[in-house]
1. Out of the residues in region 50-64 that are closer than 17 Å to Leu4 by Cα, in a helix (DSSP H, G or I) and not hydroxyl-bearing (Ser, Thr, Tyr), state the one that is most open to solvent (accessible area, probe 1.4 Å).
2. Of the numbered conditions (1) without any contact (Cβ under 8 Å) to a residue 40 or more places away in the chain; (2) of a type outside the set (Gly, Ala, Ser); (3) farther than 23 Å from Ser120 by Cβ; (4) not in a loop (DSSP other than H, G, I, E, B), Ile67 satisfies every one except a single condition; which is it?
3. What are the residues in region 25-49 that are touching an Asp or Glu at 6+ places or on another chain (Cβ under 9 Å) and closer than 20 Å to Lys116 by Cα, if any?
4. Spot the failing condition for Met1; the list is (1) of a type outside the set (Asp, Glu); (2) out of contact with any Pro (no Cβ under 9 Å at 6 or more places or on another chain); (3) not in a helix (DSSP H, G or I), and only one is missed.
5. When you scan region 91-130 for helices (runs of 4 or more DSSP H) that lie fully inside it, which ones turn up with 2 or more residues that are modelled with pLDDT under 95?
Amino acid sequence: MNQLQTVTLRAFLTALVELDSPLPPEVQQEINEVGAILADTPNAAIDRLLELAENDCLKQSYQQARINIQKQYETQERNKYDKPSQQNQPTPTPSEHLANIAIPILKASDSRAEAKKQKSEIIPNNAKDS
């Protein structure tokens with residue numbers, strides 16, 4: 001996955017964590033289908049997540065999460081050159097690790113509840129304290 005796809009995946013998972021009400025059954029089913037294809041065809045899976053993020057129940061949380069995550073990435077990129085000793089530091093959750101977390105969440109019968117269990121893996125501590 002490229003950086004943009006990683007941002008999309010993290011924002012989608014963050015939106016699931018922040019949902020207060022259960023997902024509609026048809027949306028949950030589509031999320032399960034994305035979970036099934038994520039490992040084999042990540043590009044197609046990310047494209048489907050972008051479509052699902054337009055759903056009314058996810059749209060606001062997803063957009064806010066994406067804005068916050070993009071700001072973090074921009075700050076990391078700027079700081080990378082300010083602090084040479086930290087240039088080779090890993091990102092908080094590498095894309096492979098994020099995908100490994102995402103697949104069981106997306107395949108779960110209740111992705112929202114599963115995402116909440118993995119909140120500390122999805123949302124780094126310095127990103128949001130809620």
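The values are calculated or read from the model by the stated rules, or taken from the named source; none is laboratory data. All figures in this text were calculated on a predicted structure; none of them were measured in a lab. Backbone-built Cβ (ideal geometry, glycine too); neighbour counts: all protein chains shown. Note: accessible area is taken over every heavy atom of the protein model, side chains too, but ligands, DNA and RNA are not part of it. Shrake-Rupley method; radii C 1.70, N 1.55, O 1.52, S 1.80 Å.
1. Out of the qualifying residues, it is Glu51.
2. Looking at each condition in turn, Ile67 falls short on (3).
3. Matches in region 25-49: Gln28, Glu30.
4. If we test Met1 against (1) of a type outside the set (Asp, Glu); (2) out of contact with any Pro (no Cβ under 9 Å at 6 or more places or on another chain); (3) not in a helix (DSSP H, G or I), just (2) comes out false.
5. Output list reads 95-107, 119-122.
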